[in-house]
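Have a look at the structure below, then the notes.
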Amino acid sequence: MSVNMKGKSLVSLNDLSLEEIWQIFELSGSLKEKLKANEPHPLLQGKTLGMIFTKPSTRTRVSFEVGIYQLGGYALFLGPKDLQLSREESIADTSRVLSRYLDGILIRTFSHKDVVDFATFGSIPVINGLTDLMHPCQILADLFTIFEKKRKLRGLKLAYVGDGNNVAHSLLHGCSKVGMHISVATPKGYEPAKEIVQEAVENAKQFGTEVLITNDYYSAVKDADIVYTDTWTSMGQEEEEKERADAMKVYQVNNVLVSHAKDDYFFMHCLPAHRGQEVLDEVADSPNSVIFDEAENRLHVQKAIMALIM
Ligand code: CP
Ligand code: NVA
């Protein structure tokens, strides 16, 4: 049975039910097939998406913009200096005004609260394209990629190694919702936020899976089906780059670390990768790496999200 998601915002992955997640994956698979078969699929004919970006982006911007065109809609890119937001117009007023013109808003920005406010004050669906706290679209594409390749999610173990950042947070939400075990290994002081770990622990009760937060990278990666990492310095943290690299260098994903995972493990990274830092080429370019499949699946999964909520 399908769940009606029209009008729903995607601010946090934890806002989605398990049924909604599977509905997104089913539509993602069918839209991917249609695109590969060159079959038109204009599910958003005449609809318009505003794309507000105050941070740089390759994958998110291009995949959303291409995605809405493929669905028959139109995208407006709104950079950091384009809106009166840059001259102190409030988010509440901006969101109310944009709701009169657009059918949906995608936002990539620093403060998570800004995205929550856009969704609260506007009357159209808001999609979180990354905040300092979360990156839900990325993790939906990642879980879809794992499902495509392993034909299941329940019972698999994902090990995330490095910084307890926005990507780690959405992985905690996503893996715990779909019945996967998740272990997160970070240096001391870089652990994921306590509230998000608590939400994951709560989710994990449904399938009785494990949520492990540790400083020990070997125990995190032991027998993992997926080894995942991300940059040590996220956008906005550039001034801390050196101290972060010093703290995280032993958390690098290299051949020694992944030898503790299962033989048929997958390596994943949201990209952009900083090769030589959080990951070495020997892993990123190995046959176990699926980094470009996950990047491609951003397109298919986000098209499904837009088609379902807009
Ligand atoms: N993974 C990801 O969101 O990439 P971009 O920063 O290039 O959008
Ligand atoms: N954690 C990274 C993800 C980039 C897609 C950042 O926020 O910069």
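The values are calculated or read from the model by the stated rules, or taken from the named source; none is laboratory data. Computed from a predicted model, the values in this text were never measured in an experiment. Because the Cβ atoms are built from the backbone with ideal geometry, glycine has one as well, and the counts that use them run over all protein chains shown. Keep in mind that these areas ignore ligands, DNA and RNA; they rest on the heavy atoms of the full protein, side chains included. Shrake-Rupley method; radii C 1.70, N 1.55, O 1.52, S 1.80 Å.
Observations on the model:
- Mean separation of Cα contacts under 8 Å (6+ apart) over length of the stretch 203-310, as relative contact order %: 27 percent
- Shape category assigned to the stretch 165-265 from the gyration tensor of Cα positions, a/c cut at 1.5: oblate
- Span-like helix ranges in the chain, DSSP H, alpha carbon extent 24 angstrom or more, Kyte mean at least 1.6: none
- Computed over neighbours whose Cβ is under 15 Å from that of Leu140, the net charge equals -3, Lys and Arg +1, Asp and Glu -1.
- Accessible surface of the stretch 64-140, 1.4 Å probe, proportion on carbon and sulfur as whole %: 53 percent
- The stretch 157-253 - charge dipole about Cα centre, Lys and Arg +1 at Cβ, Asp and Glu -1, debye rounded to 20: 340 debye
- The residues of the stretch 1-152 present an accessible area of 48 Å² per residue when probed at 1.4 Å with all protein chains retained.
- Within the accessible area of the stretch 168-310 (1.4 Å probe), percent carbon and sulfur: 50 percent
- By the rule of a C-alpha distance below 21 Å, with chain neighbours fewer than 8 residues away ignored, the lysines paired with Lys188 are Lys222, Lys242, Lys249.
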